[in-house]
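Worksheet: the structure to be examined is printed underneath.
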Amino acid sequence: MPSPGSRQWFENEHAVDWSVAKARGYHRWKTGDEFKSFTANVLGMTGTFRHNIAAQSPQGVIIPRSLGGKRDPVLGVYTPEFRPDVAVRTKGNLRFWHTHPTLAATTKSGNPKWPRDGIGRPLPPSAVHLAEHMSRHIARDKHPGDHAGVNVEVPHAHLGDPGKYLFVPGPGAKAFDVHPFMLERLGTCKRLFVGMEGCIKGDSMTTEVLSSDEFSDTAVISCASVTLHHAPLFEYFAACLLWGVEHHPDIASIQRRTQEVQVFLVPDADAFSKDEVRHQCMLFSMRMAQYFPNTFVAAPPPCTPGFGMHDNCLAGDKCKANGVDDFRAFGASLLDMRVLHRSFPTEAFNEWYARRAVEKNKRGRWQEGLAAEANLLSGMIWCADPDHKYRGHISALARVGRGSRSKVYEAAHRLIACGAITPDRPLDLIQRQYKRKDGTWITPFDFEDPPEFTLAPRLACPPDYFRLLKEIPPMLTLEDRVARLEESDARRTALEETDDQEILDDMLSDEQRHQDRPA
Ligand SMILES: [Zn+2]
Ligand SMILES: [Zn+2]
Ligand SMILES: [Zn+2]
């Protein structure tokens, strides 16, 4: 095995060209102290975080992130990604004290019996749960320190899960990264790949995009994780990256640009087989489509244990070649990725919307919450699993749709009442929320164990289907369309002219024939 960060490692295992790797400036730490000194000036990095990495993995690779080698001109924040050779457990989660007793001692947050953290501060209501609502969390037995089926009745905290890719907490990790070789293409590209699993996979795509004529109109950016669809910097980066960082064109050209660019979100190969990953991708695509309507999700084909590049994979185990970089290292092309096609049931949705508006109008409540209902329902439809059930958090839809959480929860109740969705457990259990005003307790809804909602059959998306990336035609720009129209106009005119000419020729030759006729 080549050592991480070496030329061989980049080229053979991740299909990243050495020039691409050098331009980013990956560098290796060889001792814990080296790591500490290399990261001494990283913004927002705590001593504990630094120490945890240095102590648990004395070697690793630092992955600088940036806007094409520059700091972001407005926010100025970018923090590196770390890839320790050994997976590291950071203690970040030890700050998140929470409790999930079988029976609640009190329902009032002001009460002296209200649960407190290790140094005596009262827990926020969002960290106080009942055991019955935390069954998944209590059952988990994945890493040391998990409850493994035995509940802890008093407040406590857990270690973070071991991670091979680490980010400094804060906004610097949520920004999209742009490789220096890709910056110039952003303003003009017709196709954009958004790597969703960090810089190395992004650089693997950059390598192919640079090496093939097929991709002369393509650019690549990447983000740290598929779960960043709520990132606060999203708007800023989605916008300024594509329209050129240096200049700000007018609204009309921005609109044209958003129409002509095809965006492909690129997760790992398990995106289409694991409900949870696909769910995150669909949320991400919803957010991206608010700016770029032609947004798709494209991933390498799923794992086939024991065959081809999945020779070493075992059925039921974690795939060993899940990333787009593995796919490329095996010799495959981005053009062979599979693109998910999901069609929104527009007609049924509009019908529902119209009927709902009429109902509300009858009761003299024309606009009351209709927008919140429509946003929530369309999000649930788009992000539902293939069995027509929405299994995610409702708060995620609130964040992606930029609605308020309480409005979205209320809308959920009205959607249930009107029959658009059906929850898998009684409503009153789901409904209980913390109300600061009267001090009532419990926010079970939507934490570790959210309820499932089944969509009314007519409101579900038809079954997904897949196409290869190379089968997807490029978008036509406005100029392309005008050029096509002009071309067909010109052809018609030319045709008409020839017709006229032929008739004229006929007439002439007729006359000539007459004239030629001997008198
Ligand atoms: Zn817990
Ligand atoms: Zn716990
Ligand atoms: Zn595999």
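The values are calculated or read from the model by the stated rules, or taken from the named source; none is laboratory data. The model shown is predicted, which means the values in this text are computed figures rather than measured ones. In this analysis, Cβ positions are derived from the backbone assuming ideal geometry, glycine residues included, and neighbour counts consider all displayed protein chains. For accessibility, only protein heavy atoms count, side chains too; no ligands or nucleic acids. Shrake-Rupley method; radii C 1.70, N 1.55, O 1.52, S 1.80 Å.
Points to keep in mind about this one:
- Carbon and sulfur %, accessible surface of the stretch 277-407 computed with the full protein complex present, 1.4 Å: 53 percent
- Couplings 3J(HN,Hα) for the stretch 298-303, derived from phi with the Karplus relation 6.51 cos²θ - 1.76 cosθ + 1.60 (θ = phi - 60°), are 10, 9, x, x, x, 4 Hz, where x marks Gly and Pro.
- Reach of Lys318 by Cα under 28 Å, taken over lysines that are not fewer than 8 positions away in the same chain: Lys91, Lys142, Lys164, Lys174, Lys201, Lys274, Lys389
- Local electrostatic count at Ile381 - Lys and Arg +1, Asp and Glu -1, tallied over other residues with Cβ under 14 Å: -2
- Sorting the segments 416-424, 451-459 by their mean number of nearby beta carbons within 10 angstrom, highest to lowest, gives 451-459, 416-424.
- Calculated P(r) of the stretch 265-316 - Cα pairs past 11 Å, %: 70 percent
- Counting only Cα atoms, the size of the stretch 288-367 along its three principal axes is 64, 29, 17 Å, in decreasing order.
- With all protein chains in place and a 1.4 Å probe, the accessible surface of the stretch 133-241 carries 56 percent carbon and sulfur.
- Rg then Dmax, both in Å and based on the Cα atoms of the stretch 125-197: 20.3, 58.
- Close amide H pairs (under 5 Å, H built 1.01 Å from N) link Arg65 with Glu81, residues at least 5 positions away or on another chain.
- Bridgeable lysines around Lys470 (alpha carbons under 17 Å apart, same-chain partners fewer than 8 residues away excluded): Lys190.
- Stokes-Einstein D for the stretch 32-71, Kirkwood Rh over Cα pairs, 37 °C, 0.692 mPa s (µm²/s): 298 µm²/s
- Amide H to amide H, with H built 1.01 Å from N, Phe296 comes under 5 Å of Val263, Phe264, Leu265, counting only residues 5 or more places away or on other chains.
- When peptides 292-301, 193-202, 460-469 are ranked by their average number of other Cβ atoms within 10 Å per residue, the highest-first order is 193-202, 292-301, 460-469.
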